[in-house]
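The values are calculated or read from the model by the stated rules, or taken from the named source; none is laboratory data. Since this is a predicted model, take the numbers as computed values, not measurements. As a convention, Cβ positions derive from the backbone with ideal geometry for all residues, glycine included, and neighbour counts pool all protein chains shown.
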Amino acid sequence: MKTRTIGSGGLAGSALGALAEAVGPRDAHRGRRGRHPAAGPDDVRSSMPRFAPGNTEHNRRLVTGLATIAASVELTTAQLALAWLLTVEPDVVAVPGTRRSRHLAENVTAAGVQLSSETMRAIAGTFPAGIAAGDRRSPFDVDIQE
């Protein structure tokens, strides 16, 4: 992370947003497929390349792989995603949004999860850098810096 080189931390707002967008917010914690995330022309995701036809299906398969790994270590998909983030970027403060108190409890529990090197390798094998289909942002967001 770039901020580490200057002695700073980072903030991951909506840390589970991409996961929820890929499978539907109700299913992000369970890793199950929900409704198609870009439901219509008024849905902001309809302009995002990650949710274009073909890309959505590819990315959902990736999340299904993540759900399989999560089940193998008795975590929800969201817990595994948060635990991974906190393992690879310990200087990051993850701020996952939620509407349900039980999901909040699951998210908090993820902060104490120690992922084994075997689990980290499984995640890396499922999600090598650049495997997601489609750009993260729409062409209208080109001025946003990562």
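I'd like to know if the stretch 98-113 contains one or more residues that are aliphatic (A, V, I, L, M) and at pLDDT below 85.
There is no residue in the stretch 98-113 that is aliphatic (A, V, I, L, M) and at pLDDT below 85.
Taking only the stretch 46-105 into account, find how many residues are touching a Leu at 6+ places or on another chain (Cβ under 9 Å), part of a helix (DSSP H, G or I) and among the hydroxyl-bearing types (Ser, Thr, Tyr).
Here the count works out to 2.
Scan the stretch 47-63 and tell me whether some residue there is among the aliphatic types (A, V, I, L, M) and within 12 Å of the chain's Cα centre (by Cα).
Yes, there is a match, as at least one residue in the stretch 47-63 is among the aliphatic types (A, V, I, L, M) and within 12 Å of the chain's Cα centre (by Cα).
Residues of the stretch 90-118 being buried (at least 16 other Cβ atoms within 10 Å of the Cβ) and under 16 Å from the mean Cα position of the chain (by Cα), which ones?
Across the stretch 90-118, the qualifying residues are VAL92, ALA94, PRO96, THR98, HIS103, GLU106, ASN107, ALA110.
So which pairs qualify, if the first residue must be in the stretch 119-130 and at negative phi, the second must be assigned to a loop (DSSP other than H, G, I, E, B) and surrounded by fewer than 16 Cβ atoms within 10 Å (Cβ to Cβ), the Cβ gap must be under 8 Å, and the two must be at least 6 apart or on different chains?
THR119/VAL73
So which of ALA67, ALA83, ALA129 ends up being out of contact with any strand residue (DSSP E or B) (no Cβ under 7 Å at 6 or more places or on another chain) and at pLDDT below 85?
Criteria check complete, one pass: ALA129.
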